[in-house]
Each structure stands twice: as C-alpha cells, then as structure tokens.
Amino acid sequence: QQFDSITFGNELKPAYNMDVTNKSGERTDTFLPFVINPSAKEMLDFAKDNGLKVRAHVLVWHSQNADEMFYVDYDTSKGYASKDVVKARMTSYIDNTIKYMYENGYADVIYAWDVVNEAVEPGTNADNLRDSLYYQILGKDFLMYAFKQARESVNKYSNDFGGSKPALFYNDYNEFQKEKCDAIIELLTPVKEAG
C-alpha cells in the first residue's frame, strides 16, 4: 500500500550474475554471459506478481564486479586482457542482461536501469573518474560504451520481444557537491548528446 517500486540491494549487481566461471558453457574470450542469480529471479517474479516496478541496479560497477572479467582467460594470475577484449566482455554482458529481461517477460517490470554506478571521483585524475579497472583498461570511454550498448540492446529487444523501454541512468552519491555534480555533467553530457 505504501510503495510501488523497488530497487534490489545486491541481487542484480554484476558480481552475482556474470558467468566468469562458464557455468552456462557459453562464455568465450569476448562473450560474457549473464546467468541470473536465484535471489534476483525471485525478486523479479515477486515484483511481476505484485504489480511492482523495478529500478534495476546495476550493469557496470567497479566494486561488486567479477574481477576475472578484466584478465586474460578470466584468470587473475595472468595479467589484464586487452582493451578490445574487456570492451567486448562488458558490452556482451550488458547485452545479455537486457536480453534476458526481455526474453523472460520482465521488460514491463523494469522501468529503469542504472547503467553505470559510482564512476566519478573528482580530483583523482584529469577525467575525474575513479581509478577502477574499467577506467584503467578502457579509459573514460567506458561510460559511452556502456550507455551505447544499453540503448542498442533496449531498442533491439523491445522490437524483438515487445515491452517498454526503460530509462537509462548514471547513479552516484553526493551529487549535491559542486565538484562532483560538475564532473558528472561534463562526463555524461556527450553520452546524453549521443542519444
């Protein structure tokens, strides 16, 4: 009676859904599947059954992410994978996540996706981005790559399966601080202008 929208805590974060161990048997060097964790599915089903909307959180986040995705052969003892490989893994994971939601009837439950989370850290470097592995390997363009893939996937799968098109967000904290707000605007304006 008091609310009609929910945001999960950890259940949809990459660390809990990236198939870096190849449980699905579909993972390749440049293709990173989404394998939904049971708690996320249970919560999506609950939302669907009870007429609740979901703000899905999150597709790209440095913190709760499977670190193996950044390494050669998904092996943290082998050194970082190339920029092209990491980009392909990130974008395929985004695509597979969104595809799963449309294929499994959650498109009308999810009204928004947090595409990138907590990437901005004013004063850290010339780009004001947190010194994450996403940034170290892909540079500041990882924001554009992530939002571009999310938009393309939403457009494609909404056409293929029907369903609504969720809003795509950048999510962070302390955005009221002038330096952080200015950095977010500067970094995300080209993304917004690109559609």
ask   = Can you tell which of V85, V116, V54, V60 is closer than 19 Å to T21 by Cα, β-branched (V, I, T) and in a strand (DSSP E or B)?
value = V60
query = Can you name the residue in region 1-55 that is in contact (Cβ under 8 Å) with a residue 60 or more places away in the chain and among the polar types (S, T, N, Q) and is also most open to solvent (accessible area, probe 1.4 Å) among such residues?
reply = T30
request  = Within region 10-41, work out how many residues are in a loop (DSSP other than H, G, I, E, B) and farther than 16 Å from D114 by Cα.
outcome  = 16
ask   = What is the residue count in region 110-129 for residues that are open to solvent by less than 10 Å² (accessible area, probe 1.4 Å) and farther than 17 Å from A150 by Cβ?
value = 2
message = List the residue pairs whose Cβ atoms are under 9 Å apart, where the first residue sits in region 61-82 and is on the phi > 0 side of the Ramachandran plot, the second is surrounded by fewer than 12 Cβ atoms within 10 Å (Cβ to Cβ), and the two are 6 or more positions apart or on different chains.
response = Y74/T21
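The values are calculated or read from the model by the stated rules, or taken from the named source; none is laboratory data. Note that the structure is a prediction, hence the values are computed from the model and not measured. Here the Cβ is made from the backbone with ideal geometry for all residues, glycine too, and neighbour counts use every protein chain on show. Note: accessible area is taken over every heavy atom of the protein model, side chains too, but ligands, DNA and RNA are not part of it. Shrake-Rupley method; radii C 1.70, N 1.55, O 1.52, S 1.80 Å.
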